[in-house]
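Enquirer: First the structure, which I've put down as structure tokens, then a few questions once you've had a look.
The values are calculated or read from the model by the stated rules, or taken from the named source; none is laboratory data. All values reported here derive from a predicted model rather than from experimental measurement. Ideal geometry is used to build each Cβ from the backbone, glycine not excepted, and the neighbour counts take in all protein chains shown. Side chains are part of the model used for accessible areas, which takes the heavy atoms of the whole protein and leaves out ligands, DNA and RNA. Shrake-Rupley method; radii C 1.70, N 1.55, O 1.52, S 1.80 Å.
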Amino acid sequence: MEILNALDAMITDLLGPFGPLIVLGVLGLFMVLLTLPFLVNQREDPMKKLQRSIEKGTEVRFEKERLRQGARNEQLQRFANFLEPKDVDELSAVQLKLTQAGYRSKDAVRIFYFAQMVLAVLGLVGGLVYVIILNADQGMSTQQLVIYTVGPGLAGYMLPKYWVGKRVDARKSEITSGFPDSLDMMLVCVEAGQSLDQSIVRVARELRASYPALADEYETVAYEMKAGKDKSTVLKDMGTRCGVQDVSSFVTVMVQSATFGTSISDALRVYSAEMRDKRVMRAEEAANKLPTKMTLATMMLTVPPLLIILVGPSIHGITTMGN
């Protein structure tokens with residue numbers, strides 16, 4: 001007992017009041033890192049392997065299953081229980097967010113949570129190294145210890161969310177910018193005698209160089225239509241994936257046109273004209289905001305040099321006369 005009290009006193013003198021807690025956290029982190037290699041390299045349960053073989057049935061079904069799951073990361077598959085939310089709604093929301101950011105891999109959700117975990121652990125380790133090794137000779141308050149230790153870990157945990165959010169905003173902006181041009185191309189293709197499916201394939205090919213995000217969405221729609229999926233469902237899925245109001249309105253127009261049997265070319269002509277008007281209004285709005293945004297920069301960069309030029313000689317003359 002005396003040994004434990006002496007050890008506790010030594011740790012408290014070295015790291016402050018939260019010293020024992022920090023040591024326990026480091027030990028727990030070390031144990032987790034020590035356990036990860038064993039979890040990665042553990043052998044598969046024979047019963048699960050036998051059950052999977054029975055479910056596949058024939059060699060043909062086995063080959064199809066292998067091709068469908070070929071893109072998945074088997075290392076992350078072992079951590080599926082830790083790297084995927086248990087709640088279906090939360091899992092669907094994260095998948096939709098990553099899809100809107102352009103990450104459509106089967107392991108996108110697992111990689112996202114894995115990146116959060118790794119960056120948070122690295123942040124905590126970096127904070128502990130900074131506090132214990134680099135600043136061991138400096139006395140820090142409890143608040144400083146918590147900030148320098150937990151702060152980097154929290155920043156590492158939030159970094160993937162911030163990155164995905166920026167990617168979603170950039171992708172939505174690109175889709176919004178290129179959508180009016182895509183409607184004009186689609187209208188030309190439809191009026192030239194092509195079907196809606198053919199026009200979507202052609203528009204996706206033509207937009208690849210200018211707007212790759214929008215081209216990806218049109219290609220996805222074309223592939224799903226070729227696979228036999230219902231056209232209305234495919235278009236609604238596109239509106240959900242894009243997350244842009246203009247695309248959702250276009251999907252509504254197309255679905256209503258197919259439901260009531262009206263001409264697709266007429267609907268495209270009216271909606272493309274409306275999208276061109278909206279693009280002009282967006283440009284005018286951005287131009288009208290520009291003077292307001294430049295006011296602060298103009299004042300910061302223009303007024304101080306002007307004051308120095310105008311008032312500086314007078315101040316210099318006054319100080320000279322005083323001397």
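Enquirer: Out of the residues in region 137-151 that are under 17 Å from residue 12 (Cα atoms) and open to solvent by 50 Å² or more (accessible area, probe 1.4 Å), which is modelled with the lowest pLDDT? Break it down into steps so the answer makes sense when it comes.
Expert: First, pick out the residues of region 137-151 that are under 17 Å from residue 12 (Cα atoms): 137-146, 149.
Adding the requirement that they be open to solvent by 50 Å² or more (accessible area, probe 1.4 Å) leaves 137-139, 141, 143-144, 146.
Numbers: 137: 57, 138: 67, 139: 67, 141: 72, 143: 77, 144: 76, 146: 77.
The extreme case among them is 137.
Enquirer: Select, from 222, 204, 209, the only residue that is touching a helix residue (DSSP H, G or I) at 6+ places or on another chain (Cβ under 9 Å), open to solvent by 50 Å² or more (accessible area, probe 1.4 Å) and over 30 Å from residue 123 (Cβ atoms).
Expert: Of the residues listed, the single one that is touching a helix residue (DSSP H, G or I) at 6+ places or on another chain (Cβ under 9 Å), open to solvent by 50 Å² or more (accessible area, probe 1.4 Å) and over 30 Å from residue 123 (Cβ atoms) is 209.
Enquirer: Do we find a residue being small (Gly, Ala, Ser) and within 17 Å of the chain's Cα centre (by Cα) anywhere in region 203-211? Before you say what the answer is, go through the steps one by one.
Expert: Filtering region 203-211 down to residues small (Gly, Ala, Ser) leaves 204, 209-210.
Checking which are within 17 Å of the chain's Cα centre (by Cα) leaves us with none.
Taking every residue of region 203-211 in turn, none turns out to be small (Gly, Ala, Ser) and within 17 Å of the chain's Cα centre (by Cα).
Enquirer: Please determine whether any residue of region 157-166 is within 10 Å of the chain's Cα centre (by Cα), under 30 Å from residue 272 (Cα atoms) and in a helix (DSSP H, G or I).
Expert: Yes - at least one qualifying residue is present in region 157-166.
Enquirer: Looking at (1) under 29 Å from the mean Cα position of the chain (by Cα); (2) modelled with pLDDT of 85 or more, which is the one condition that is false for residue 293?
Expert: (2)
Enquirer: Okay, moving on. For region 226-247, name all the residues that are among the polar types (S, T, N, Q) and open to solvent by less than 40 Å² (accessible area, probe 1.4 Å).
Expert: Hit for region 226-247 is 232, nothing else.
Enquirer: Looking at (1) open to solvent by less than 60 Å² (accessible area, probe 1.4 Å); (2) at pLDDT 85 or above, which is the only condition residue 270 fails?
Expert: Just one mismatch for residue 270, condition (1).
Enquirer: Identify, from the list 298, 292, the residue that is hydroxyl-bearing (Ser, Thr, Tyr), open to solvent by 90 Å² or more (accessible area, probe 1.4 Å) and assigned to a helix (DSSP H, G or I). If you could, list the steps in order and put the result at the bottom.
Expert: Values: 298 fails: open to solvent by 90 Å² or more (accessible area, probe 1.4 Å).
Sole residue among the options that is hydroxyl-bearing (Ser, Thr, Tyr), open to solvent by 90 Å² or more (accessible area, probe 1.4 Å) and assigned to a helix (DSSP H, G or I): 292.
Enquirer: Only one residue in 209, 222 is within 22 Å of residue 102 (Cα to Cα), assigned to a loop (DSSP other than H, G, I, E, B) and of a type outside the set (Lys, Arg). Which one?
Expert: Exactly one residue qualifies, and that residue is 209.
Enquirer: Restricting attention to region 232-267, which residues are among the aliphatic types (A, V, I, L, M) and either at pLDDT below 85 or assigned to a helix (DSSP H, G or I) (or both)?
Expert: 234, 235, 238, 247, 251, 253, 254, 255, 258, 264, 267
Enquirer: Which of the residues that make up region 224-238 are in contact (Cβ under 8 Å) with a residue 24 or more places away in the chain and over 14 Å from residue 251 (Cβ atoms)?
Expert: 226
Enquirer: Same structure, new question: Among the residues that make up region 247-256, is at least one of them farther than 30 Å from residue 171 by Cβ and out of contact with any Phe, Trp or Tyr (no Cβ under 8 Å at 6 or more places or on another chain)?
Expert: Among the residues of region 247-256, not one is farther than 30 Å from residue 171 by Cβ and out of contact with any Phe, Trp or Tyr (no Cβ under 8 Å at 6 or more places or on another chain), which makes the answer no.
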